[in-house]
Amino acid sequence: MLGNSLAVAALDVRILRRDPAPVLVMTVVPLLFVPFLMPGARAQLVDLGHLQATGAEYAVPGLAILFSLLNAQQVITAFFREQGWGTWHRLRIAPVPFPGLIVGKSLTALAAQCLQLVVVLVGGGLLFGYRPNGSPIGVLVVAVLFSAVMVCFGMLLVALCRTENQALTLSNIVAMAMAGFGGTFGPVTALPAWMQAVAPASPAYWALDAITALSLDGAGLRDVLGPVAGLVGFAALFLGVAALAFRRQIREA
């Protein structure tokens with residue numbers, strides 16, 4: 001099944017290479033916004049006791065997570081593009097098990113998500129001095145896990161929605177809600193009490209909780225196992241519900 005999944009993924013790689021603009025936008029735009037958010041982020045971090053903070057420690061990962069949430073649209077586009085071209089049915093009847101087909105369609109999106117997050121974080125370091133004082137490996141692990149969560153989130157919307165417009169609209173609404181409650185615009189501790197109570201329902205909250213500890217508190221990977229477990233839980237939840245919805249689609253087909 002792995003070979004078939006890789007073959008499906010290779011087709012998506014060719015398409016992405018021909019038109020990389022959507023991923024480039026989600027990578028370049030957050031770096032353009034960093035200098036505008038750094039002064040406010042610095043003031044908030046100083047209030048929280050990080051007197052030496054420049055603001056990049058929160059603005060860079062916050063924007064990376066925000067645009068990763070929005071980049072989940074790539075999963076939706078990849079699936080519905082096949083329907084628009086009339087090739088989805090051909091893939092369905094190809095000698096590829098349906099789980100292998102789903103995995104193959106998701107691999108390229110996962111790679112694009114990881115690339116977007118890592119490039120924004122590295123670019124933030126080169127351009128604005130973002131330097132995590134904790135484990136760089138921990139930051140990488142969180143980036144990969146959050147990318148997987150977003151791919152599973154995209155698959156969930158594909159499975160639940162009947163049209164691409166429905167899925168994209170719902171993706172934008174839910175992504176911005178998760179971004180706001182998750183603290184991508186500023187530390188969750190600065191939000192009203194009721195928002196702080198809701199914040200753990202957003203995967204962005206767990207990702208930023210881990211990256212903030214790794215960026216500001218000198219944390220290692222072991223120190224952020226709680227948030228890491230939270231991200232794994234969201235990925236499992238989204239993937240499980242998507243699998244049930246896809247199974248329903250197969251029965252109705």
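Points worth noting:
- Among the helices (runs of 4 or more DSSP H) confined to segment 1-93, the ones with at least 1 residues that are at pLDDT below 90 and farther than 27 Å from ALA190 by Cα are located at 2-18, 21-47, 73-85, 88-93.
- Residue among LEU127, LEU156, LEU216 that alone is more than 23 Å from GLY240 (Cα to Cα), in contact (Cβ under 8 Å) with a residue 60 or more places away in the chain and crowded, with 17+ Cβ neighbours inside 10 Å: LEU216
- Tabulated pairs, segment 56-79, first over 19 Å from ARG17 (Cβ atoms), second part of a helix (DSSP H, G or I) and acidic (Asp, Glu), C-beta under 8 angstrom, 6+ apart or interchain: ILE76/GLU164
- Restricting attention to segment 140-169, the residues that are of a type in the set (A, V, I, L, M) and over 26 Å from VAL228 (Cα atoms) add up to 3.
- Some residue of segment 236-248 being touching a Pro at 6+ places or on another chain (Cβ under 8 Å) and either touching a residue at least 60 places away in the same chain (Cβ under 8 Å) or within 21 Å of LEU63 (Cα to Cα) (or both): no
- Residue in segment 156-166 that is closer than 29 Å to PHE36 by Cβ and not acidic (Asp, Glu) present: no
- Screening ARG162 with (1) over 24 Å from VAL103 (Cβ atoms); (2) out of contact with any Pro (no Cβ under 9 Å at 6 or more places or on another chain) gives one miss only, at (1).
The values are calculated or read from the model by the stated rules, or taken from the named source; none is laboratory data. From a predicted model like this one, the values you see are computed outputs, not experimental measurements. Quick reminder, even Gly has a Cβ in these numbers, built from the backbone with ideal geometry, and neighbours come from all protein chains shown.
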